[in-house]
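The values are calculated or read from the model by the stated rules, or taken from the named source; none is laboratory data. Small disclaimer: the values here were computed from a predicted structure and weren't measured. Note: ideal-geometry Cβ built from the backbone for every residue, glycine included; neighbour counts use all protein chains shown. Accessible surface is based on the protein model in full, side chains and every heavy atom, while ligands, DNA and RNA are left aside. Shrake-Rupley method; radii C 1.70, N 1.55, O 1.52, S 1.80 Å.
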Amino acid sequence: MPTPTLLLHGGAGSIRREAMPPAREKAHTDGLLEAVEAGKALLERGKSAMDAVLATVACMEDNPLFNAGRGAVFNAEGGHEMDASVMDGRNLQAGAVAGVSGVRHPVLLAREVMAHSGHVLLSGRGAEAFARKRGQELMPPDWFDDALRRRQWEKLQGSGKAALDHAEMIEDNDDPEDDHRYGTVGAVALDAQGNLAAATSTGGMTNKRWGRIGDSPIHGAGTWAENATCAVSCTGAGEFFLRAAAAHDVAARMRYGGQDLEAAATACIHDTVARLGGHGGLIALDAQGRWAFPFNTPGMYRAGWRTGASPWTGMYGPE
Ligand code: ASP
């Protein structure tokens, strides 16, 4: 009998214990626990892994501490363009949206694309029209705004540079709040039927070029789920994760290379992605409930739960 299990991330980046004010550590811990609870409650009631990852990610999309949904970073035009994807490990069904604005829960729209569009990936205005058609919740642009995200953008505006909600932001950081708020979010889950699912949602990179799409909505790059191997959600410098086909790299290492989950996930980040010069991390789960969460940044917001144990959270790297 499979053991229902859930693992989530809230983004990888320059997250350091010595620079983390206690109040902010607590706010993040509370946000992570709230998100675990949202998925755990469903798995405990026998709901599917897909339901659990949707609830977990939707919870984090509503939390402005994380760079997804409300609190998404600003693009070069001063707006928010969000990416999200879902994948069902049972049948490799997949859905995603890229470059959407005004949608409260891009991850739920990705699920609608999977179930009702006849396609896998919708972008921009077409995705927004589909959201209206499917009765998805829409919000005015300023609902997504967050004062810190605006300051991050104002620093980069006109520079022609895009910055991850990650280490690059920190270089000339004079904002005391800045370097602790990372945030692409993702979740992977295993349900009582032995099915895996994965979901990822992001605002992308601050000051990103209009129309830029990262790894998060691309199956095989930012998200993967396949019962026979693993469920994966990535966070980090999207251009590298795209070029590495990172999420699928974990699955391929298991399927073709015979590696176990821990070895495959670790090699993906510390070899495949790092070799290209990329920084970030991922969460991965297999159908036996084994998990791994490697990262090559100083920290990664993360939390997990498995049946019979208490939820846990983490944010720092090994010291
Ligand atoms: N991977 C995301 C992107 O490139 C960013 C992140 O994980 O923070 O859009």
Please go through (1) within 30 Å of LYS26 (Cβ to Cβ); (2) surrounded by 21 or more Cβ atoms within 10 Å (Cβ to Cβ); (3) touching a Lys or Arg at 6+ places or on another chain (Cβ under 6 Å) for MET315 and return the number of the only condition it doesn't satisfy. (3)
Of ASN63, ASN67, the only residue that is within 16 Å of the ligand (Cβ to nearest atom) and free of Cβ contacts under 8 Å to residues at least 60 places away in the same chain is ASN63
Selection status of VAL36, hydrophobic (A, V, I, L, M, F, W, C), under 20 Å from ASP215 (Cα atoms) and modelled with pLDDT of 95 or more: no
Residue check for ASP172: in a loop (DSSP other than H, G, I, E, B), open to solvent by 30 Å² or more (accessible area, probe 1.4 Å) and at pLDDT below 65: yes
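Residue-wise test of (1) within 13 Å of the chain's Cα centre (by Cα); (2) closer than 22 Å to GLU112 by Cα; (3) without any contact (Cβ under 8 Å) to a residue 24 or more places away in the chain.
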{"position": "GLY31", "(1), (2), (3)": "no, no, no"}
{"position": "VAL36", "(1), (2), (3)": "no, no, no"}
{"position": "PHE74", "(1), (2), (3)": "no, no, no"}
{"position": "SER85", "(1), (2), (3)": "yes, yes, no"}
{"position": "ASN91", "(1), (2), (3)": "no, yes, yes"}
Filtered residues of the range 202-248 (kept if more than 7 Å from the ligand (Cβ to nearest atom), open to solvent by less than 30 Å² (accessible area, probe 1.4 Å) and assigned to a helix (DSSP H, G or I)): ALA244, ALA246, ALA247
Among the listed residues ALA264, ALA309, ALA303, ALA252, identify the single one that is open to solvent by 20 Å² or more (accessible area, probe 1.4 Å) and either touching a residue at least 24 places away in the same chain (Cβ under 8 Å) or not in a loop (DSSP other than H, G, I, E, B) (or both). ALA252
Residues of the range 44-68 being more than 25 Å from THR206 (Cα to Cα), assigned to a helix (DSSP H, G or I) and open to solvent by 10 Å² or more (accessible area, probe 1.4 Å), in sequence order, are GLU44, MET50, ASP51, ALA55
Among (1) modelled with pLDDT under 95; (2) surrounded by fewer than 18 Cβ atoms within 10 Å (Cβ to Cβ), which single condition is SER14 missing? (2)
